[in-house]
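The values are calculated or read from the model by the stated rules, or taken from the named source; none is laboratory data. Bear in mind the structure is a predicted one, so any value in this text is a computation, not a measurement. Cβ atoms come from the backbone with ideal geometry, glycine included; neighbour counts cover every protein chain shown.
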Ligand SMILES: NC(=O)c1ccc[n+]([C@@H]2O[C@H](COP(=O)([O-])OP(=O)(O)OC[C@H]3O[C@@H](n4cnc5c(N)ncnc54)[C@H](O)[C@@H]3O)[C@@H](O)[C@H]2O)c1
């Protein structure tokens, strides 16, 4: 029997997966709640395929895998897996690059608007019976420059939307060639050029060694005092303590954050007191449309592999 184990949490109901895998002979599909490393090892040691969302698949867990050939993440980011350890063991690691691109792009745009138009503060004003702007002024986005850090699928989808708002795009992404950036009507720029010229900066980077804390004190000092920073990628790309300092000192004017350095309850609570910080709990992807696509994207890729084909969206150079 070829075992497929899902370590996904309760938000991922695997009924499509059950139906899809039942059509492949000699397979068994188990959905397991495994919280500790020991539980993860117990659940996966004899699995050929592992499906996961936030589970850490580190070198130790991978060293215990006896039969695994494929790991598929329910999602785009794959920073919780030791890619090299998996590669050394001949395990494909795949992500699901398409399911939530539109949803995250729309959410990033919402955060840009929410911060530019002071939506949270004005909403609070009304609820406190304050019928004026209380010193706040909104930002007109048309004609302003939006800087993209990372210009992959989501960055490009945001750019289509900011173009429609009449904003000018500048892009820092050394791995994307100029033609693509031009096709989106944007301009290639250095990291510092984006920091210094953008009125809005939106992050669409993977979290890895090259992007960890790519934005910190030094970078905030280079940004315009009127700049708005939006992050829907991974919390670790921003030094959060230094971001709060910059906001408190007025080095930048606002933030929209969907992702945080610690999403398990250890967030720096100073952020909650910062004026014009619009915060959402890592929900940019969360629409029924994205969820439906996520199930089919993951399951169809696993079926492809089980039928002897090379899986799609391999991210560990296998
Ligand atoms: N908040 C959410 O709900 C949510 C949902 C899905 C994805 N995400 C996150 O969004 C991010 C972007 O997703 P995507 O689909 O656009 O990914 P993608 O792989 O299509 O694009 C990432 C881009 O970043 C660029 N890049 C990599 N390292 C860089 C560096 N050091 N400097 C500049 N650019 C660099 C790459 O060249 C690539 O173009 C990921 O971190 C993903 O985890 C968040």
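Brief remarks on what is shown
- From the options 284, 277, 246, residue that is surrounded by 15 or more Cβ atoms within 10 Å (Cβ to Cβ) and within 14 Å of the ligand (Cβ to nearest atom): 284
- Hey, residue 205 in contact with a helix residue (DSSP H, G or I) (Cβ under 7 Å, 6 or more places away or on another chain) and under 27 Å from residue 275 (Cα atoms) or not: yes
- The single condition among (1) within 15 Å of the ligand (Cβ to nearest atom); (2) touching a residue at least 40 places away in the same chain (Cβ under 8 Å); (3) over 22 Å from residue 76 (Cβ atoms) that residue 197 does not satisfy is (1).
- For residue 131: the one exception among (1) farther than 21 Å from residue 197 by Cα; (2) free of Cβ contacts under 8 Å to residues at least 40 places away in the same chain; (3) outside any loop (DSSP other than H, G, I, E, B): (3)
- In a residue-by-residue description of the stretch 86-105, the property of being in a helix (DSSP H, G or I), at negative phi, in contact (Cβ under 8 Å) with a residue 60 or more places away in the chain and touching a strand residue (DSSP E or B) at 6+ places or on another chain (Cβ under 9 Å) applies to at least one position.
- Of all residues in the stretch 174-188 being within 14 Å of the ligand (Cβ to nearest atom) and in contact with a helix residue (DSSP H, G or I) (Cβ under 7 Å, 6 or more places away or on another chain), the one that is farthest from residue 211 (Cα to Cα): 184
- Members of the stretch 159-202 found to be closer than 27 Å to residue 246 by Cα, assigned to a helix (DSSP H, G or I) and more than 22 Å from the chain's Cα centre (by Cα), listed by number: 192, 193, 196, 197
- Criterion (assigned by TED's automatic domain parsing to the domain that holds residue 24 and either outside any loop (DSSP other than H, G, I, E, B) or on the phi > 0 side of the Ramachandran plot (or both)) met by exactly one of 294, 247: 294
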